[in-house]
Amino acid sequence: CKSEQMYLEPSKLKKLRRAIITDSLDERKHVLEELVQIQKEDYKTLFRLMSGKPCIIRILDPPLHSFVPGDEKSQKELAAELEIPVESIISQHAKLAQYNPSLGLRGSRLAVVYPEFIQFEVKSIFIAALEAVEEGITPLPCIELPMISSAKEFTIVKKVITEIAIETGAQDKIKFQVGALIEIPRAALTTNELAKVADFLQFGSNDLTQMTCGFSHEDSQLIIDKYVENGVYFKDPFVSLDECGVGHLMKISINQAKQAKKNISIGISGSHAYDPASINLCQKIGVTELSCLSNRVPMAKIAAAQAALAAEKSSQLHMEQY
């Protein structure tokens, strides 16, 4: 579950935009508290559907300015809707805008700089979980922190989550986990430390490929086509995992994590999670969970089953040869 998808509904987006635009921390917290009461209903629906099953919820990932329009016409319309001066929107959009937002203030970095945004999200999750329990539902929220680069950063954000769990009464009543989304090479190389503080790890393979290979996912198709044509890459690395680079990094990362915490759950999300060749590689290096779009689940299941059978046959062949 990507939490930002929940704000596409106009009434929620309006409140989120107001919280982003205001310079007043008190007003921002007031608006976000109103969102808690709305947002919890979405999470309760999620917990009803997933009762008794772990449900990974990725906290707000996009940069804040992406929720605020940048063109003059839309800014004037939003100003009229929120009944505020258009200059406030222009000023805040300029303040939050970034030259390279994919590497900027987003994901867990938001939780460090503007902790109130993660506070309202996890408060929504915990209140929804507590109310779900009263309905006889078994919620198992797994809160995932994107754009993590170190164990220290993870610990700072996890502390915010723990404080809200205690405040809401969920700490001792809800079985929840907090995990890290591994998208940054530095995080992949320090999973020996991350695994000690995280309950689970998941590779965000699209961003990890982008940062490891040095390609922009949105702007590199012409380059990649030529590189595949010339044999630099066997396939488009955004379609099928680059085994020599990204795959090798993942293998190192998994081995380190398992040494620190033997039974830690390790998954992968993104377009690679339903690509048969990528799933086969994941089977070999120790990835145990796949996360993909719902319409791709059947394809992912078939590919995972084929990879498991291939691994079993390989194991039997080695035994026979021995």
Check on Val232, of a type in the set (Val, Ile, Thr), over 25 Å from the mean Cα position of the chain (by Cα) and open to solvent by 30 Å² or more (accessible area, probe 1.4 Å): yes
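Rundown of residues vs (1) buried (at least 22 other Cβ atoms within 10 Å of the Cβ); (2) within 20 Å of Ile184 (Cβ to Cβ); (3) modelled with pLDDT of 95 or more; (4) over 19 Å from the mean Cα position of the chain (by Cα), yes/no style:
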| residue | (1), (2), (3), (4) |
| --- | --- |
| Ile252 | no, yes, yes, yes |
| Ser271 | no, yes, no, no |
| Asn280 | no, no, no, yes |
| Gln283 | no, no, no, yes |
| Ser294 | no, no, no, no |
| Lys301 | no, no, no, yes |
| Gln306 | no, no, no, yes |
Tabulated pairs, the range 225-251, first without any contact (Cβ under 8 Å) to a residue 12 or more places away in the chain and closer than 15 Å to Ala277 by Cβ, second of a type in the set (Gly, Ala, Ser) and assigned to a loop (DSSP other than H, G, I, E, B), C-beta under 8 angstrom, 6+ apart or interchain: Phe234/Ser240
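One line per residue, one yes/no per condition, for (1) part of a loop (DSSP other than H, G, I, E, B); (2) in contact with a Ser or Thr (Cβ under 7 Å, 6 or more places away or on another chain):
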residue	(1), (2)
Asp236	yes, no
Leu241	yes, yes
Val246	no, yes
Lys251	no, no
Asn255	no, no
Lys258	no, no
His272	no, yes
Leu281	no, no
Val297	no, no
Can you go through Ser220, Ser216 and tell me which one is in contact with a helix residue (DSSP H, G or I) (Cβ under 7 Å, 6 or more places away or on another chain) and surrounded by fewer than 21 Cβ atoms within 10 Å (Cβ to Cβ)? Ser216
Test set (1) without any contact (Cβ under 8 Å) to a residue 60 or more places away in the chain; (2) under 17 Å from Ile127 (Cβ atoms); (3) of a type outside the set (A, V, I, L, M); (4) open to solvent by less than 30 Å² (accessible area, probe 1.4 Å) - Lys15 fails condition number: (4)
Residues to consider are Ala111, Ala129; find the one that is in contact (Cβ under 8 Å) with a residue 24 or more places away in the chain, surrounded by 23 or more Cβ atoms within 10 Å (Cβ to Cβ), in contact with a Pro (Cβ under 7 Å, 6 or more places away or on another chain) and among the hydrophobic types (A, V, I, L, M, F, W, C). Ala129
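Is it fair to say Ser88 is surrounded by fewer than 19 Cβ atoms within 10 Å (Cβ to Cβ), out of contact with any His (no Cβ under 7 Å at 6 or more places or on another chain) and not aromatic (Phe, Trp, Tyr)?
yes
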Those residues of the range 146-182 which are assigned to a helix (DSSP H, G or I) and either open to solvent by 40 Å² or more (accessible area, probe 1.4 Å) or acidic (Asp, Glu) (or both) amount to Lys152, Glu153, Thr155, Ile156, Lys158, Lys159, Thr162, Glu163, Ile166, Glu167
Could you go through the range 41-51 and let me know if any residue there is of a type in the set (Gly, Ala, Ser), closer than 25 Å to Ile174 by Cβ and touching a strand residue (DSSP E or B) at 6+ places or on another chain (Cβ under 8 Å). no
Can you pull out the residues in the range 190-203 that are farther than 18 Å from Leu60 by Cβ and surrounded by 15 or more Cβ atoms within 10 Å (Cβ to Cβ)? Thr190, Thr191, Asn192, Glu193, Leu194, Ala195, Val197, Ala198, Asp199, Phe200, Leu201, Phe203
Near pairs, Cβ below 8 angstrom, 6+ apart or cross-chain, from the range 91-108 (within 18 Å of Gln210 (Cα to Cα) and free of Cβ contacts under 8 Å to residues at least 60 places away in the same chain) to any residue that is of a type in the set (A, V, I, L, M) and loosely packed, with under 15 Cβ neighbours inside 10 Å: Leu105/Val113
Residue check, Asn206 against (1) in a helix (DSSP H, G or I); (2) modelled with pLDDT under 95; (3) open to solvent by 60 Å² or more (accessible area, probe 1.4 Å), all met but one. Which one? (3)
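The values are calculated or read from the model by the stated rules, or taken from the named source; none is laboratory data. These figures come from a predicted structure and were not determined experimentally. Heads up, the Cβs are rebuilt from the backbone with ideal geometry, glycines too, and the neighbour counts pull from every protein chain shown. Note: accessible area is taken over every heavy atom of the protein model, side chains too, but ligands, DNA and RNA are not part of it. Shrake-Rupley method; radii C 1.70, N 1.55, O 1.52, S 1.80 Å.
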